[in-house]
Structures are given as structure tokens and as C-alpha cells.
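S.K.: This is the structure I want to talk about, given as C-alpha cells.
The values are calculated or read from the model by the stated rules, or taken from the named source; none is laboratory data. Not measured: the values here are computed from a predicted model. Don't worry about glycine lacking a Cβ; one is built from the backbone with ideal geometry, like all the others, and counts go over all protein chains shown. Heavy atoms of the whole protein, side chains included, go into the accessibility calculation; ligands, DNA and RNA do not. Shrake-Rupley method; radii C 1.70, N 1.55, O 1.52, S 1.80 Å.
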Amino acid sequence: MSYSKENTLLYVENLSVAYGDKVIIKDINFVENDIVREGSTTGQVICFVGRSGRGKSTLFRALTGLVKPTTGKILIADTLTEGGNDAKEVCEGDVGFVDQKYTLFRNKTVYEALTFALRKQKLSKEEKHEKIISYLEEWGLEKVKDQYPNELSGGQRQRTAIIEQIFCSGHYMVLDEPFSGLDVGNIEDAKKAFNMISSLHSFNTIIYSTHDIELAAELADSIYVIGYPTIDGEHANYGTIVKHFDMKELGLAWKEFGLGHIEVVKQIKAAMLAS
Ligand SMILES: Nc1ncnc2c1ncn2[C@@H]1O[C@H](COP(=O)(O)OP(=O)(O)OP(=O)(O)O)[C@@H](O)[C@H]1O
Ligand SMILES: [Mg+2]
């Protein structure tokens, strides 16, 4: 399938994050461009995989401006300028974040939280109500719409957090393990939401992590493996990008899961086990 790479949407150079004197991630470099395909609006879907503790969540906190990098820079397209040509350093709030713990407002019900998430949208009160109700129905949350976070199951909290970010994010959205704890039906809904977000605007960029390697290969058009690098025959104990699979170049992006994907899954698992 033919495509071209246009403006840079995400530029990460020499990124490292340390907590105190403990280096967690280091030497992280990657670039993601706006993908343009004739006859279809295509956003970017980028996945990070890697074994537990390798630094995926730490990287995501840096990408969303929640932690300040120890070294390096993270630039995103300034999508407010015409064509999104200018780059700016990422600040907290530029990138929507669904964290691994699905943090919600403690004192807002599901319905109130979603109303708050829509506050900046130019819709009438009725339109907002309809939009919220249709999402609640689609995501199986209408029965719990008046409940508070401590009265929700883990999966219900997670779905509320995802919808919240769909409602209030700009072009960038980072989801840390959005599929964990979801049942088969919810996973299908989340996949549909990915496709929907991606087809709405060419700049829309979803970055997610998962321990489900099949879901990485099926959904992403770019997959990075974060692991401990081997230097002079020894494992270093900081995370970095040890492998990149460009599913576009491999001819596997935007396709039904097939034999080619199964081969990539094998290679990803091998790269993870080695790091
Ligand atoms: N605030 C912190 N202070 C010190 N160390 C931290 C802090 N947060 C995370 N770490 C450490 O950083 C390392 C990477 O953690 P991180 O949560 O980024 O891993 P992960 O790849 O997301 O793992 P998982 O797949 O289990 O979610 C771990 O060793 C963790 O103990
Ligand atoms: Mg994590």
C-alpha cells in the first residue's frame, strides 16, 4: 500500500530519564512523521512493548511532559500553526495521557467527568449530553454513569479514562496499557476507538504500550521494543530502544492480521527475551 512520510510529528533525541542517580531510560532516539495515504485519512499508531520494568511508563511520562528529561529533547508539531510545520517542546497538557492506574477525579461521577472533559468543545448542552450517552452505551457504562470512581470496576474505570481522553485530547494521545483488564468485547471497542481516532485527522497520533504482542502487531504501524541493551556482552540496566519494526515498510500496516504479522510477533518476542 503506497504512502508518503510528511511533516515530523514527534522527534525524540538523546532522551534519558533518571530518578535520583538511578538512570531508568537512556539514549532514546526516534522520529515519527505524518503518514499520508491517497484517498484515506491516516493517523499514526505507535506501540511500545518490552518486559516489565524496562521503562515504558517512564518514557510515557516524559512524552507527556509529566517528568522532565534528564537529557535530550522531545519535540512535537505545533499543530496550532498552519500545516503544523513548527516544532515545539512538549509541555504538560499538550498530550492526552491515560495512565496505567486510570486516574479519575475522585469526586466526579462518570457522567460528570465526561461532561468536564467536553468543556472546551463547541457543542450545545443537548449535543454534549447525546455524545456522552452514546459513548456510555457503546462502551457499556450507562448503568454506572452516576457512580464515583471507587464504585467502579477496574475495567469500567479504564474505559471512562479512555473516553475522557478521546473527548479532550488534541492530536496526541498516550495510553499506557489500555488493553489490560479489558474483556474481549471491550478490547473490540477499544480497537474501534483507535481506528476512529486515526481516521478523523491525519495528525492524530496514538502512542500505546501493551504486553499483548499480537495487539501490538495488529494495530500499530510502528513498533518499538524497549529493553536493556547488551553492551560488550553484558546487559546494561537501563531501558532503551533495542529494536524497531516499521510495519509500513514491512507492508503489514493497515492490513488484517495474517502470516506476516505472526512472523513479526515472533521477532518481537525474541527481541524482548534478549533484553
Ligand atoms: N518515581 C520513581 N522513582 C524511582 N524509580 C522509579 C520510579 N518510577 C519508576 N521507577 C523505576 O523505573 C523502572 C521502570 O519502571 P516503568 O514503570 O517505567 O516500567 P514499565 O516498562 O512501564 O513496566 P511495566 O511493564 O511493569 O508497566 C523500574 O525499575 C521502576 O522501579
Ligand atoms: Mg508500565
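S.K.: Near LYS26, which aspartates and glutamates are there with a Cα under 12 Å away, not counting those fewer than 8 places off in the same chain?
M.R.: Within reach: GLU13.
S.K.: Under a 10 Å cutoff between Cα atoms, tell me which one of GLY155, GLY239, GLY39 has the largest fluctuation in the Gaussian network model of the chain.
M.R.: Checking each option, the largest mean-square fluctuation is seen for GLY39.
S.K.: About its Cα centre, what dipole magnitude does segment 1-59 give when the only charges are +1 on Lys and Arg Cβ and -1 on Asp and Glu Cβ, stated in debye to the nearest 20?
M.R.: Rounded to the nearest 20 debye, it is 380 debye.
S.K.: OK, next. Would you mind getting the accessible area per residue of segment 61-173, heavy atoms of the protein chains only, 1.4 Å probe, in Å²?
M.R.: Ligands and nucleic acids excluded, the result is 57 Å² per residue.
S.K.: Next question, about the same structure. Leaving out ligands, DNA and RNA, what percent of the accessible area of segment 104-168 is carbon and sulfur, probe 1.4 Å?
M.R.: The C+S portion of the solvent-accessible surface of segment 104-168 is 47 percent.
S.K.: Quick one: of LYS5/LYS255; LYS101/LYS192; LYS68/LYS192; LYS5/LYS128; LYS68/LYS145; LYS68/LYS125, which pairs are farther than 27 Å apart, Cα to Cα?
M.R.: Over 27 Å Cα-Cα: LYS68/LYS192; LYS5/LYS128; LYS68/LYS145; LYS68/LYS125.
S.K.: Collect residues whose amide H, placed 1.01 Å from N in the peptide plane, falls under 5 Å from the amide H of LEU175; neighbours closer than 5 in sequence don't count.
M.R.: VAL98, ILE207, TYR208, SER209
S.K.: For PHE194, what accessible surface area do you get with a 1.4 Å probe? Give it in Å², rounded to 10.
M.R.: Looks like 10 Å² after rounding.
S.K.: Turning to a different aspect of this structure: Determine the percent antiparallel among the DSSP beta bridges restricted to segment 147-275, to the nearest 5.
M.R.: Around 65 percent of the beta bridges assigned by DSSP in segment 147-275 are antiparallel ones.
S.K.: Which cross-chain or sequence-distant (5 or more) residues have an amide H under 5 Å from the amide H of LYS243, H modelled 1.01 Å from N in plane?
M.R.: VAL225
S.K.: Given a cut-off of under 8 Å on Cα pairs at least six residues apart, what relative contact order in percent is computed for the chain?
M.R.: 24 percent
S.K.: Now for a different question. Starting from the Kirkwood Rh over alpha-carbon pairs, what translational D in µm² s⁻¹ does segment 104-168 have by Stokes-Einstein at 25 °C and 0.890 mPa s?
M.R.: Result for D is 212 µm²/s.
S.K.: Quick one: work out the % antiparallel among DSSP beta bridges in the chain, nearest 5.
M.R.: If I count the DSSP bridges inside the chain, around 60 percent turn out antiparallel.
S.K.: Now, a different point. Can you compute the radius of gyration and Dmax for the chain, using only the Cα atoms, both in Å?
M.R.: 18.8, 63
S.K.: What is the Cα centroid distance between segment 83-128 and segment 1-55, reported in whole angstrom?
M.R.: Computed from Cα coordinates, the inter-centre distance equals 22 Å.
S.K.: Distances longer than 20 Å among the Cα atoms of segment 196-275: what percent of all pairs is that?
M.R.: More than 20 Å apart: 37 percent of the Cα pairs in segment 196-275.
S.K.: Kindly sort ASP78, ASP146 by accessible area of their heavy atoms, largest first, with the probe set to 1.4 Å.
M.R.: My answer, sorted largest first, is ASP146, ASP78.
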